[in-house]
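For reference, the structure is listed below as structure tokens.
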């Protein structure tokens, strides 16, 4: 009887501390990074391999005028990406593809800070499934968009294959403004999603 | 470890309603995610719309990308009284339409950006829709109202509000 009482107490304490059953969750925040206004690169390093998938969520505002809006993603500082995009600009739809790119070019995110009114931010969701696999190539999926209450808004779906990375596990992720610097209102958060 | 992605509130309609509202939303998360499984009370072209903090002024806009099984199109709405989460998604009394919309940095000091997904297939018609919306306000969001453009949400419509907390 006494042994059972101690076991229940230990299980309760483990649940409260988050280190045992009942604590934590499958979707965990790994790190958050904010633009400095003086750099066009935001980097997540030392990404642990303990999750199944990664998700990046962010609001972004970049540099000089560029249309259609896009930004770059780079894994493990390697070059070599193939990309496909489906984009709508409020008036027309286009579908494009690129190969042998230095970075993964992702459409739609990053409001143009010289062309769009202050406080307008692009919204970005990036998914990388099975990022820690050492037997699979890595595919990137992105839904991103910026609306400016007028022309030159964009909503876009992008997919990219990290051809230069091969089957290496992802341990670093860079988000790069297509031009200029990320503003101080730019924030990206990296999340890890656990498998069962 | 506190949960990073957790449900805040769920509404399941036991009778038809013209509006679903989430109120008193705490400012402790980073992003909000709303999932909707929608039936409406009549078959007609329906737009599901959202507003924030009771603001029905011309402070919303959106850019859309949509495919209906025959045509891919993009359109925009400017100076609107709400964000349309999808456009001309003909709804059904029996086949639900699924929406998810993400509200980024809802408690932050910039304008509020929304990424929305609308999905409906009725075995002969349907739509897949991706929308970016803008609410031109720097106020933190404490209330979200979701309405159909006409008619009511039908019994069984489910809406869940989630909060995502960054490190």
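The values are calculated or read from the model by the stated rules, or taken from the named source; none is laboratory data. These figures come from a predicted structure and were not determined experimentally. Cβ atoms come from the backbone with ideal geometry, glycine included; neighbour counts cover every protein chain shown.
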Notebook entry, point to check: Can you name the condition, by its number, that residue A:171 falls short on among (1) under 15 Å from the mean Cα position of the chain (by Cα); (2) within 28 Å of residue B:164 (Cα to Cα); (3) surrounded by 18 or more Cβ atoms within 10 Å (Cβ to Cβ)?
Noted result: (3)
Check: What residue, among those in region B:101-110 that are touching a strand residue (DSSP E or B) at 6+ places or on another chain (Cβ under 6 Å) and at pLDDT 95 or above, is surrounded by the most Cβ atoms within 10 Å (Cβ to Cβ)?
Finding: B:103
Notebook entry, point to check: Across region B:133-164, what is the number of residues that are at pLDDT 95 or above and outside any strand (DSSP E or B)?
Noted result: 8
Notebook entry, point to check: Is region B:54-62 home to any residue that is within 10 Å of chain A (Cβ to nearest Cβ), modelled with pLDDT of 95 or more and closer than 22 Å to residue A:92 by Cβ?
Noted result: yes
Next item on the list: Of the conditions (1) surrounded by 20 or more Cβ atoms within 10 Å (Cβ to Cβ); (2) at pLDDT below 95; (3) more than 9 Å from every other protein chain (Cβ to nearest Cβ), residue B:43 clears all except one; give me its number.
Entry: (1)
Item checked: Residues being assigned to a loop (DSSP other than H, G, I, E, B) and either within 11 Å of another protein chain (Cβ to nearest Cβ) or within 16 Å of the chain's Cα centre (by Cα) (or both) - total across region A:68-92 -> 7
Check: What is the residue count in region B:1-34 for residues that are surrounded by fewer than 20 Cβ atoms within 10 Å (Cβ to Cβ) and either in contact with a helix residue (DSSP H, G or I) (Cβ under 9 Å, 6 or more places away or on another chain) or more than 14 Å from every other protein chain (Cβ to nearest Cβ) (or both)?
Finding: 18
Margin query: Step by step: first the residues of region A:122-165, then only those that are under 18 Å from residue A:58 (Cβ atoms) and more than 14 Å from chain B (Cβ to nearest Cβ), then the one that is surrounded by the fewest Cβ atoms within 10 Å (Cβ to Cβ). Which residue is that?
Written below: A:128
Checklist line | Filter pass, residue A:150 being at pLDDT below 95, within 25 Å of residue A:53 (Cβ to Cβ) and in a loop (DSSP other than H, G, I, E, B) | finding: no
Notebook entry, point to check: Can you find even one residue in region B:86-93 that is part of a strand (DSSP E or B) and either modelled with pLDDT under 95 or within 13 Å of chain A (Cβ to nearest Cβ) (or both)?
Noted result: yes
